[in-house]
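Here's the structure, in structure tokens; my notes come after.
The values are calculated or read from the model by the stated rules, or taken from the named source; none is laboratory data. Please read all numbers here as calculations on a predicted model, not as lab measurements. Note: ideal-geometry Cβ built from the backbone for every residue, glycine included; neighbour counts use all protein chains shown. Each accessible area value is taken on the protein alone, full model and side chains, heavy atoms only, with ligands, DNA and RNA left out. Shrake-Rupley method; radii C 1.70, N 1.55, O 1.52, S 1.80 Å.
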Amino acid sequence: MNFRVLLFVVISWSSFAQKTEFPTAKVDSIVNRIQLPVFPSYQINVLKLGAKGDSVTNNKSFFDKAMALCKKNKGGTIIVPKGIYKIKGPIHFVSNVNLKIEKGAKIKFSDDPKDYLPMVLTSWEGTMLYNYSPLIYAYDCSNIAITGEGTIDGEGGDIWKSFKAKENDGKMRSREMNHNSVPVSDRKFGEGYFLRPQMIQFFNCKNILVENIRIENSPFWCMHVLKSESITVRGVSYKSLNYNNDGIDPEYAKDVLIENVTFDNGDDNVAIKAGRDHEGRANSGTPSENIIIRNCNFKGLHGVVLGSEMSAGIQNVYVENCKTTGYLKRGIYIKTNADRGGFIKNIFVNNLQLDEVEDCLYITANYHGEGSGFQSDISNVYFSNISCNKATASGIVIQGFPEKKIRNISLKNIEIKSAKNALSNENAENVLMTDVFIGQRATVPSAAK
């Protein structure tokens, strides 16, 4: 190695080491850029339109009428007072509307799949296609909100849950269409393919607020934020334990604030995605980026996941001041494989408190050992001030490829009090460890006898 190359390596390593502090100023700049929605003064109470919160009446037409009136008045607030409102079919948003579900109110959706036809343009596990409408669906909207202290119940535990065992043919068909660049207009699913709809989906929207509501019993992902920007989710609580009940899935999403959320999910709490395989790589100009997750309580399968559908890239993610209130399989899970391509970079996790997990921090470029030809680039990941009481499997796992190493991983002030396997680190370079303790801390060495 000549002097010039050596100097470059020293400068690069020094620069990496200096970036290990949590970048509070960058977080503040993202938060200041996010715009909350603003609504006209018009209000409509669904009871005045004929809705009944008796848990029996089908209120679909009344909610549709409320949206139409808001559209006529260039926006407004739809008030849902105390009661249980059965709705046989989806709620489709228009711009400039706040759906305010008051304390003691519950919107309870039907679980008849035919109620969610005709199909709409949506996405399923990273592939664009036409499928059942999400239960609450906003497409190409701006300035929209779901607020109040009420509940949304997706009735996902019976008929929708039964779809899981039947979905494989539809799932594989969607992935083949992705890999073969079949026009989206020809990707028709719905009846016969058993792909469950998301409970809430914001698609190509901006200036979104979801605040203080409770989400229960989703058919599939609970909240999918797709190709949208300027998003605030705060004060939300969950009790949704069906298959694939991710809490929040930002995908191709930009400028997202998730804070003060209490999760209790049957799958990932927050799963950041950016498209699957060929289709995702074709959208490389729209990565998921500038995502802040702070002051949250995690409970479910995994706390924060990046991937595995991330082919357009994920960057600039900031997780801070979060803790668990129950078991997690993994605390932070970064996962991709050699089918994905794309990148994951500039990830900061600070002040995370975990109780019992299977694995505390897990980074893998070989998820499920799948794929070839499109290895992902994982770099610049910074963990600091993390505590964990027990890891029943591994404390820290880093898995790259010999020809595509994971680069620039910083572990600072990490304490995992108990772990079956302390550390597995393969095919990674520039792994900087400062004050890392796994198992019982060593004290002064014992004297020879």
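Mind checking whether some residue in the stretch 285-299 is in a strand (DSSP E or B), touching a Gly at 6+ places or on another chain (Cβ under 7 Å) and open to solvent by less than 10 Å² (accessible area, probe 1.4 Å)?
no
Check the stretch 163-176 and report whether any residue there is within 24 Å of the chain's Cα centre (by Cα), within 22 Å of Y252 (Cβ to Cβ) and touching a residue at least 60 places away in the same chain (Cβ under 8 Å).
Yes, the conditions are met somewhere in the stretch 163-176.
Within the stretch 45-66, can one find any residue that is surrounded by fewer than 17 Cβ atoms within 10 Å (Cβ to Cβ), without any contact (Cβ under 8 Å) to a residue 60 or more places away in the chain and on the phi > 0 side of the Ramachandran plot?
Within the stretch 45-66, one or more residues are surrounded by fewer than 17 Cβ atoms within 10 Å (Cβ to Cβ), without any contact (Cβ under 8 Å) to a residue 60 or more places away in the chain and on the phi > 0 side of the Ramachandran plot.
Only one of these conditions is not met by N427: (1) closer than 15 Å to D377 by Cα; (2) over 29 Å from the mean Cα position of the chain (by Cα); (3) of a type in the set (S, T, N, Q). Which number is it?
(2)
I'd like to know if the stretch 264-284 contains one or more residues that are at pLDDT 95 or above, within 30 Å of I416 (Cα to Cα), touching a strand residue (DSSP E or B) at 6+ places or on another chain (Cβ under 7 Å) and open to solvent by 20 Å² or more (accessible area, probe 1.4 Å).
So far as the stretch 264-284 goes, yes, one or more of its residues are at pLDDT 95 or above, within 30 Å of I416 (Cα to Cα), touching a strand residue (DSSP E or B) at 6+ places or on another chain (Cβ under 7 Å) and open to solvent by 20 Å² or more (accessible area, probe 1.4 Å).
Conditions (1) surrounded by 24 or more Cβ atoms within 10 Å (Cβ to Cβ); (2) out of contact with any Cys (no Cβ under 8 Å at 6 or more places or on another chain); (3) of a type in the set (V, I, T), marked per residue:
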| residue | (1), (2), (3) |
| --- | --- |
| K335 | yes, yes, no |
| R340 | yes, yes, no |
| I344 | yes, yes, yes |
| L352 | yes, no, no |
| C360 | yes, no, no |
| N366 | no, yes, no |
| G369 | no, yes, no |
| S372 | no, yes, no |
| Q375 | no, yes, no |
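Quick check on K239: is it over 12 Å from the mean Cα position of the chain (by Cα), buried (at least 22 other Cβ atoms within 10 Å of the Cβ) and among the charged types (D, E, K, R)?
No: the conditions fail for K239.
Every residue, every condition in (1) outside any loop (DSSP other than H, G, I, E, B); (2) touching a helix residue (DSSP H, G or I) at 6+ places or on another chain (Cβ under 6 Å); (3) within 30 Å of I292 (Cα to Cα); (4) of a type in the set (F, W, Y), yes or no:
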residue	(1), (2), (3), (4)
D28	yes, no, yes, no
Q35	no, no, yes, no
L47	yes, no, no, no
K52	no, no, no, no
A68	yes, no, no, no
K74	no, no, no, no
